[in-house]
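Presented below is the structure to which this report refers.
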Amino acid sequence: MFRILVSDAISEEGLAPLLNAEHIEVVQKKVSDVEEYLDQFDALLVRSATKVTEELLAKMKSLKIVGRAGVGVDNIDVDAATKYGVVVINAPDGNTISTAEHTFAMMAALVRHIPQAHVSVKSREWNRSAFVGSELYGKHLGVIGFGRIGSEVAKRARAFGMKVHVYDPFLTKARAEKIGVEPCTLDEVLSVSDIITVHTPLTKETKGLLGPKNLAKTKKGVYLINCARGGIMDEQALVAFLENGHVAGVALDVFEQEPPGDHPLLAFDNVIVTPHLGASTVEAQLHVATQVAEEVLKFLEGKPVTSSINLPTLSKEVYEKIQSFYNLAKKMGTVASQYMVEPVQEIAITYSGTVADLETTFITRSLLAGFLKPRVASTVNEVNAAMIAKERGIVFGEKFSTNSEGYANSIALTIYGEKQTFTIKGTHIPNYGDRIVHFNGFAIDFAPEGHLLYIQHHDKPGMIGQVGKILGDHQVNIATMQVGRQAVGGKAIMMLSLDKPLADSIVEKLSEVTDIESVKKIEV
Ligand SMILES: NC(=O)c1ccc[n+]([C@@H]2O[C@H](COP(=O)([O-])OP(=O)(O)OC[C@H]3O[C@@H](n4cnc5c(N)ncnc54)[C@H](O)[C@@H]3O)[C@@H](O)[C@H]2O)c1
Ligand SMILES: O=C(O)[C@H](O)COP(=O)(O)O
């Protein structure tokens, strides 16, 4: 049974996949109403109202996934979620059209003074000359940020006969050509546009993008629209440029602080505002809620998610192809970590054969998670494994080889520790399973599963018998035993699979046997 907290107003119809699932309980309450049992939720679904802070994440100890029914995740501390191993997903395109349409509605309202005229008529006035507007047709529209919403706004602007100028430093020539726009520099957009609309995320680079310096580069009489994020336009600078008459009007759906309270911008007649309504349509809310509900359900059922903010995105097809290697890599990481009980500086991974052609980022994260799990107290999984490795000073890298030395596929690790270097190689055999085929310089063949016991010894007659006797004397049954050696009479190893975990006292007894060099328990 999974428990999901839905803490913002999310479309009930869109939540149907979760509400109808038998193994899921959905609680629709504010965070403050469930303070005492926050640690019992596996998933949290939000819009922009709930602030998913590090403090909240720390309290939600069973949390596995946060679903944002919308685009912007600036209300979610994604770094903290990553640290706690919590997946963050969003619904990236469910509200694109609604927000583009809202931007357009704001544009029309702005240049035709519709909100002001509306208030005037409602006040029983009939002042037609006070509200003379301008046409959109033939005007120059500057679009800053040409992603999903920016490009939909541009399409609509062209249908209105506007000339569209686009600035987006990450826009490729190919995409620009496909959509039929000419990419410009920011300065070009600023200087040529009659109306400027912003559609970027709020980042270090975009915060205050339309501040005093760039506003001074705009045409006198420019109209500005922000239906993206408060802060992209510097609100203090807007006040100054409205006061000096340089800016003819501003339309804002978003604010640096929401709600904005008694903000000086609200005092201007030529500033029109809505309370963050871009995505507030029945259609958008249904789309975003359905998208996150379906994704969260898939995630809780152990299937891959496609719109994660802090995990590599995988399609179902790709996931199916990598799943076996993902499992093998995790087991190899777990085995290696328990063998190398010492500080480790570097993990070098080589993918060979068929696995080398797959999406390995996820496999590497799985391997790191397996390696780190026995070493860290906190949750470690594919979400935070790379971050935790980095925090602990472990460098990791991938190499790819076409030479898989007789195996259809293989994953080889070399782990550089403070005292020693350890190597291990594994392969996945379809319909048979995972096998470790090289271990610490020895060719061997064992399944990385269950209660394993590794023994390194001198290759001498009677060693297997001595080990068998000690285990037998302590009622420990051996399920399988694999042996390997470097040369006759040289160093040799045994890898035993046992029916139950071994007590430390038996490990000690085995270590005392003459000609046994080392004994290690490995739990997979
Ligand atoms: N008002 C609302 O209710 C509402 C609804 C949905 C989305 N939004 C907001 O709208 C914005 C756009 O959403 P989207 O879905 O189109 O996102 P998107 O990721 O598809 O597009 C963002 C674009 O901004 C560009 N960009 C990034 N940094 C830039 C910079 N420094 N200068 C210029 N361009 C830059 C990116 O290359 C990208 O093409 C986001 O801030 C989102 O949170 C608001
Ligand atoms: O980023 C978004 O999707 C929008 O800002 C919508 O936010 P909302 O879900 O709170 O309306």
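Please treat every number below as a calculation from the coordinates, not as lab data. What you see is a predicted model; the values in this text were computed from it and never measured. Quick reminder, even Gly has a Cβ in these numbers, built from the backbone with ideal geometry, and neighbours come from all protein chains shown.
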* To do: Arrange E188, E135 by Cβ neighbour counts within 10 Å, fewest through most, would you?
  => E135, E188
* To do: Give me the distance between the Cα centres of segment 300-363 and segment 395-411, rounded to whole Å.
  => 13
* **Share of pairwise Cα separations in segment 450-523, more than 16 Å, in percent** => 42
* Asked: Helix 361-372 sits at what angle to the longest principal axis of the chain, using alpha carbons and giving 0 to 90 degrees rounded to 10?
  -> 60
* Based solely on C-alpha atoms, express the radius of gyration and the Dmax of segment 140-190 in angstrom. => 9.7, 26
* To do: At 0.36 nm per residue, minus the direct Cα-Cα distance, what do V376 and D39 gain on full extension? Give it in nm, one decimal, please.
  => 119.3 nm
* Structure fact -> With a Förster distance of 45 angstrom and the Cβ-Cβ distance between H263 and A443, calculated FRET efficiency to the nearest 0.05 equals 0.05
* **Debye log10 I(q)/I(0) at q = 0.12, 0.15, 0.18 Å⁻¹ for segment 380-524, Cα point scatterers** => -0.61, -0.91, -1.19
* Structure fact -> With +1 at each Lys and Arg Cβ and -1 at each Asp and Glu Cβ, the charge dipole magnitude of segment 340-459 around its Cα centre, to the nearest 20 debye, comes out at 260
* Return the inverse of the average 1/r over all pairs of distinct C-alpha atoms in segment 95-273, which is the Kirkwood hydrodynamic radius, in Å to one decimal. => 16.5
* Asked: Which one of H263, Y37, S151 has its Cα pushed farthest toward the positive end of the charge dipole of the chain, where Lys and Arg give +1 and Asp and Glu give -1 at the Cβ?
  -> S151
* Taking the Cβ of K207 as the center, what net charge do the other residues with Cβ under 13 Å away carry, scoring Lys and Arg +1 and Asp and Glu -1? -> -3
* Asked: Roughly how many Å is it from the Cα centre of segment 1-45 to that of segment 424-464, as a whole number?
  -> 45
* If each residue's Cβ is checked for other Cβ atoms within 10 Å, how do H118, H428, H102, H23 rank with the fewest at the top? -> H23, H118, H428, H102
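Taking the Cα centre of the chain as origin, sum charge times position over the Cβ atoms of Lys and Arg (+1) and Asp and Glu (-1), and report the length of that vector in debye to the nearest 20.
840
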* Structure fact -> With T = 20 °C, eta = 1.002 mPa s and Kirkwood Rh from C-alpha pairs, the Stokes-Einstein D of segment 122-218 in µm²/s is about 146
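In deg cm²/dmol, rounded to 500, what helix-only [θ] at 222 nm does the chain give when every DSSP H run of at least 4 residues adds -39500 (n - 2.57) and the total is split over its residues?
Values: 16 runs with 161 residues, N = 524.
Helix contribution divided over all residues of the chain: -9000 deg cm²/dmol.
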* Asked: For segment 314-449, how big is Rg over Rh, using alpha carbon atoms and the Kirkwood form of Rh?
  -> 0.94
* To do: Compute the FRET efficiency between T203 and D504 as 1/(1 + (r/R0)^6), taking r as their Cβ-Cβ distance and R0 = 60 Å, and round to the nearest 0.05.
  => 0.70
* Likely footprinting exposure, T206, T197, T96, fewest C-beta neighbours within 10 Å first -> T206, T96, T197
* Structure fact -> For the chain, longest principal axis from Cα atoms; helix 148-159 axis from its Cα atoms; angle between them, nearest 10 degrees, is 30
* Asked: In 20 Å bins starting at 0, how do the alpha-carbon pair distances of the chain split up by percent?
  -> 19, 39, 27, 12, 3, 0
* What FRET efficiency comes out for the pair K122/E54, r = Cβ-Cβ distance, R0 = 45 Å, nearest 0.05? -> 0.45
* **Quotient of C-alpha Rg and 2.2 N^0.38 Å, computed over segment 1-153** => 1.44
* To do: For segment 327-377, just the Cα atoms, rotate onto the principal axes and tell me the three extents in Å, largest first.
  => 32, 18, 14
* What trypsin sites (Lys or Arg not before Pro) does segment 364-427 have in DSSP loop regions with at most 15 other beta carbons within 10 Å? -> R392, K419
* By how many degrees, between 0 and 90 and to the nearest 10, does the Cα long axis of helix 282-300 differ from the longest principal axis of the chain? -> 10
* Asked: With the contact rule set at Cα under 8 Å and sequence spacing of 6 or more, what percent relative contact order holds for segment 314-449?
  -> 28
